[in-house]
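Student: I have a structure I would like to understand better, so I am pasting it below and will then ask my questions one at a time.
The values are calculated or read from the model by the stated rules, or taken from the named source; none is laboratory data. The shown structure was predicted, so the numbers you read here are calculated from the model rather than taken from an experiment. Here Cβ is always computed from backbone atoms with ideal geometry, including for glycine, and neighbour counts include all displayed protein chains.
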Amino acid sequence: MDRPHSHTYFKKAQALMPGGVNSPVRAFKAVGDEPIVVTRAKGDRLYDADGNRYIDYCMSWGPMILGHGQISVLNEIRKAIRGGTSFGTLCPNEVRLAGLITEAYPSIEQVRMVSSGTEATMSAVRVARAYTGRDKIVKFEGGYHGHSDQFLIKAGSGLTTLGTPSSPGVPAAFAATTLTLPYNDSAAARKLIAEQGREIAALIVEPVAGNIGTVLPDKGFLETLRELTAKNGIVLIFDEVITGFRLSLSGAQGYFKIKPDMTTLGKIIGGGLPVGAYGGRKDIMELVSPEGPVYQAGTLSGNPVAMAAGIATLREIGSNRQFYEDIEKKTRHLVYGLNDAAKLAGKRLTINTIASMYTPFFTATPVRDLASAMTSDTKQYARFFHLMFEKGVYLPPSQFEAHFVSMAHTVRDIDRTIHYAYEAFRKL
Ligand code: KE4
């Protein structure tokens, strides 16, 4: 695909920004070549600076569950902007979005809006440490919870993609307070908590991993974490930045019927604008300033325009009783088609999927944790990525990410995708 204008933008970007991007995974480092430079998006399509169009399965890494440029969201943003863009005060839209979230998540008795998933998880852990008076936290190998220091230990997403699971710049003393476990390893969790449980403030988990690529919890895994944390006074944090409003109106906790002590949200609740949130039991959240002593703040937290985008998105989802059934039907159609195409082409793939997220791993091994995900042939993924890109299909530019279907994906585009995938598999 000829992309001279994108090339010009990227060259300028490289001189101005590290790696020419504002977030590492966008840089195409894991798949090679220069990144896509998008000028607009509509429905399930992206349009680049050279007028090329792509069927999009990255969907801005998760927020765009309705599709790009969804009219009711754009209308609410336009309406909000007419009243100004930021007040630095309480505004009605904050109350509305907080109400929609607490209504959808019974475990969230109180919620604090922030401007990213990173802020949400960073703040949730701080409150959990204050609540328990303990320092240590537990995360899972390949789990990605944003880029605050404590989580950049054996982390997934861009860190695994770029081969730096533990980032330099994190003080060893700080890193030592983060304990890690293999995802889906209940026995290891049981052992660690038996040994150190009373020193652990919080256990943070993606209830469905999205940053190893899509990895589902084994039967009983989440239940074990709930039992162990409850018994040891450990705050169980479900990081639902990806799964929140993706798996169900009540996220993964509603889907698997497990009640965490705290939840972090992001992506979909901002409808494409910068919004994150953390919340949970009132006796924990009442520690948050100014009600309590745990400080956390943000100039643009609860921004009226960003709130409007989130409100419109959640209302659009909530107004359609068939929403999750319909979007899952589209996803199943795609995943069955990809599996059939791979089989027909004689390719061995493992495709993990749940609700409207999935990941094709280029390995014949079942993928249930970071170690098994690492058996994937990332070179094959990169070649598949480019064969699809050349056909006008944009996938996440990394093997270790979730792919997303939106309500805007048409059956026609999904069938096209399956056809192109068959052709690509045969060329691998
Ligand atoms: P943000 O700070 O990027 O809004 O959210 C951090 C975060 C927290 N928790 C989970 C489960 C997440 O997946 C994320 C962010 N996800 C990545 C992609 N998997 C965002 C894309 C990027 O880093 O550019």
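Student: Whether any residue in the range 1-16 is touching a residue at least 12 places away in the same chain (Cβ under 8 Å), touching a strand residue (DSSP E or B) at 6+ places or on another chain (Cβ under 9 Å) and within 14 Å of the ligand (Cβ to nearest atom) is what I want to check.
Tutor: no
Student: Something else: Only one of (1) aromatic (Phe, Trp, Tyr); (2) under 20 Å from Ser289 (Cα atoms); (3) under 16 Å from the mean Cα position of the chain (by Cα) fails for Tyr144. Which number is that?
Tutor: (2)
Student: Here are some residues: Lys154, Lys136, Lys191. Which one is crowded, with 17+ Cβ neighbours inside 10 Å, basic (Lys, Arg) and more than 30 Å from Val21 (Cα to Cα)?
Tutor: Going through Lys154, Lys136, Lys191 in turn, just one is crowded, with 17+ Cβ neighbours inside 10 Å, basic (Lys, Arg) and more than 30 Å from Val21 (Cα to Cα): Lys136.
Student: Here's another thing I want to ask about it. Scan the range 174-195 for residues that are out of contact with any Phe, Trp or Tyr (no Cβ under 9 Å at 6 or more places or on another chain) and either closer than 24 Å to Arg26 by Cβ or modelled with pLDDT of 90 or more (or both) and jot them down.
Tutor: Within the range 174-195, Ala175, Ala176, Thr177, Leu179, Ala187, Ala188, Arg190, Lys191, Leu192, Ile193, Ala194, Glu195 meet the criteria.
Student: Filter the range 17-29 down to the residues that are within 13 Å of the ligand (Cβ to nearest atom) and not aromatic (Phe, Trp, Tyr) and list them by number.
Tutor: Gly19, Val21, Asn22, Ser23, Pro24, Val25, Arg26, Ala27, Lys29
Student: Could I ask something else about it? Go through the range 200-221 residue by residue and tally those that are within 15 Å of the ligand (Cβ to nearest atom) and either surrounded by fewer than 24 Cβ atoms within 10 Å (Cβ to Cβ) or not small (Gly, Ala, Ser) (or both).
Tutor: Here the count works out to 12.
Student: Could you check the range 43-127 for strands (runs of 3 or more DSSP E) lying wholly inside it with 2 or more residues that are hydrophobic (A, V, I, L, M, F, W, C)?
Tutor: 110-114
Student: Being β-branched (Val, Ile, Thr), more than 15 Å from the ligand (Cβ to nearest atom) and assigned by TED's automatic domain parsing to the domain that holds Leu287: is that true of Val114 here?
Tutor: Spelling it out, it is not the case that Val114 is β-branched (Val, Ile, Thr), more than 15 Å from the ligand (Cβ to nearest atom) and assigned by TED's automatic domain parsing to the domain that holds Leu287.
Student: Between Lys282, Lys267, which is surrounded by 24 or more Cβ atoms within 10 Å (Cβ to Cβ) and of a type in the set (Lys, Arg)?
Tutor: The match here is Lys267.
Student: Here is a follow-up. Is it the case that Leu265 is within 11 Å of the ligand (Cβ to nearest atom), closer than 25 Å to Val73 by Cβ and either out of contact with any Lys or Arg (no Cβ under 8 Å at 6 or more places or on another chain) or not assigned by TED's automatic domain parsing to the domain that holds Pro396 (or both)?
Tutor: Yes, satisfied.
Student: Okay, next question. Out of (1) in the same structural domain as Asn303 (by TED's automatic domain parsing); (2) crowded, with 19+ Cβ neighbours inside 10 Å; (3) more than 15 Å from the ligand (Cβ to nearest atom), what's the single condition that is false for Glu109?
Tutor: Tallying (1) in the same structural domain as Asn303 (by TED's automatic domain parsing); (2) crowded, with 19+ Cβ neighbours inside 10 Å; (3) more than 15 Å from the ligand (Cβ to nearest atom), Glu109 fails exactly one: (2).
Student: On to the next question. Quick test of your reading of the structure: Thr359 fulfils all but one of (1) free of Cβ contacts under 8 Å to residues at least 40 places away in the same chain; (2) closer than 14 Å to Leu395 by Cβ. Name the failing condition by number.
Tutor: That leaves (1) as the condition not met.
Student: Taking helices (runs of 4 or more DSSP H) that do not extend beyond the range 294-381, which have at least 2 residues that are modelled with pLDDT of 95 or more, touching a Gly at 6+ places or on another chain (Cβ under 6 Å) and farther than 27 Å from Ile418 by Cα?
Tutor: The qualifying helices (runs of 4 or more DSSP H) are 304-318.
Student: Is it the case that Ala172 is over 26 Å from Ala402 (Cβ atoms) and in the same structural domain as Ile237 (by TED's automatic domain parsing)?
Tutor: So Ala172 passes the test.
Student: Just a yes or no: is a residue in the range 63-76 under 26 Å from the mean Cα position of the chain (by Cα), among the hydroxyl-bearing types (Ser, Thr, Tyr) and within 16 Å of the ligand (Cβ to nearest atom)?
Tutor: no
Student: Hey, another quick one. From the list Gly271, Gly302, Gly279, which one is under 14 Å from Gly117 (Cβ atoms), more than 11 Å from the ligand (Cβ to nearest atom) and touching a residue at least 60 places away in the same chain (Cβ under 8 Å)?
Tutor: That would be Gly279, the only listed residue that is under 14 Å from Gly117 (Cβ atoms), more than 11 Å from the ligand (Cβ to nearest atom) and touching a residue at least 60 places away in the same chain (Cβ under 8 Å).
Student: Still on this structure, please answer the following. Are any residues in the range 14-57 under 24 Å from Gly163 (Cβ atoms), surrounded by fewer than 19 Cβ atoms within 10 Å (Cβ to Cβ) and of a type in the set (A, V, I, L, M, F, W, C), and if so, which ones?
Tutor: The answer is Met17, Val21.
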